[in-house]
Amino acid sequence: MSEIEQIRRREGFAFFAAFAATVPLANWLIGNVGTFCVPNGPCVIPVGFGLTAPSGVLAVGVALVLRDLVQRRLGVKWSIFAIAVGAALSATFAPPALVVASTVAFLLSEIADLSVYTPLQRRRLMLAVLASGVVGLIVDSIVFLWLAFGSLDFLAGQVVGKSWAVLVSLPLIYVLRRRDIVKGLMPA
């Protein structure tokens, strides 16, 4: 295995581990961190524009980007495996009342993310990360809120909160892409 391939694999597995870690983190945040915790409901945080959202939104937004990076480094098969691992972790770490909502939302949003990212990423990496993140976060928000609470009351806050995580990642994706080109780790 070449040195470049070793670097790609090492980074890919680091992205995989970080991706997997976002699942228990999101579930822990939603029940433990917030400016206000709804009785028998989520802890919420302000996300801007006068909106609040369950605090797990930040980790979910990061997960969407990390899945893209797993695919960039290890390929589609590893990305699909990461989604399966994430869904299993979601079912394991979600509070009992949120297991179905958390698992189904995770699966559907990550599959939507993969479906948008895959055809775009070779030609337009930044657009691929942004577009797939937006599609994934909308799917995740709608499915999770509807299944968990039977309401879309927090939809705007969920979308804004997850969007922050995706937007903050874009400069990092740009730097990674530039480094990849210079070091020959990935094609432009």
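Throughout, read-outs are computed from the coordinates displayed, never taken from laboratory work. Treat the numbers as computed from the prediction; the structure is a model and nothing was measured. Neighbour counts are summed over all protein chains in view; Cβ atoms, including those assigned to glycine, are modelled from backbone coordinates with ideal geometry.
Loop exposure criterion: trypsin sites (Lys or Arg not before Pro), DSSP state outside H, G, I, E and B, at most 13 other Cβ atoms within 10 Å. Applied to the chain, the longest stretch between such sites is 1-121. Note on the chain: semi-axes of the ellipsoid equivalent to its C-alpha gyration tensor, largest first and rounded to whole Å, are 30, 17, 14.
Please tell me the relative contact order of segment 3-183 in percent, rounded to the nearest whole number, where contacts are Cα pairs under 8 Å and at least six residues apart. Once normalised by length, the contact order is 23 percent. Charges were assigned to the Cβ only: +1 to each Lys and Arg, -1 to each Asp and Glu. The resulting dipole of the chain about its Cα centre is roughly 760 debye. From its DSSP helices (H runs of at least four residues, each -39,500 (n - 2.57)), the chain gives a residue-normalised ellipticity at 222 nm of -26500 deg cm²/dmol. Principal axis extents of the C-alpha atoms in segment 35-88 (largest first, rounded to whole Å): 40, 25, 10. What the pair-distance distribution of segment 7-72 shows, using all Cα-Cα distances binned every 10 Å from zero, is 23, 39, 24, 12, 1 percent.
The chymotrypsin sites (Phe, Trp or Tyr not before Pro) of segment 5-66 meeting both criteria, a DSSP state outside H, G, I, E and B (loop) and at most 15 other C-beta atoms within 10 angstrom of the site's C-beta, are 49. Counting only Cβ charges, +1 for Lys and Arg and -1 for Asp and Glu, the dipole size of segment 57-158 around its Cα centre is about 540 debye. Helix 99-120 and the long axis of the chain differ in direction by around 30°, with both axes built from C-alpha atoms. Less than 5 angstrom separates the built amide H of residue 47 from those of 52, 53, all sequence-distant by 5 or more or on a different chain.
Taking only the Cα atoms of segment 85-188, the ratio Rg/Rh comes out at 1.06, with Rh defined as the Kirkwood radius. Binning all Cα-Cα separations of segment 68-132 at 5 Å, short to long from zero, yields these whole-percent fractions: 4, 19, 25, 20, 14, 10, 5, 2, 0.
Applying 0.36 nm per residue to the separation of residue 147 and residue 5 and subtracting their alpha-carbon distance, the gain on full extension is 47.0 nm.
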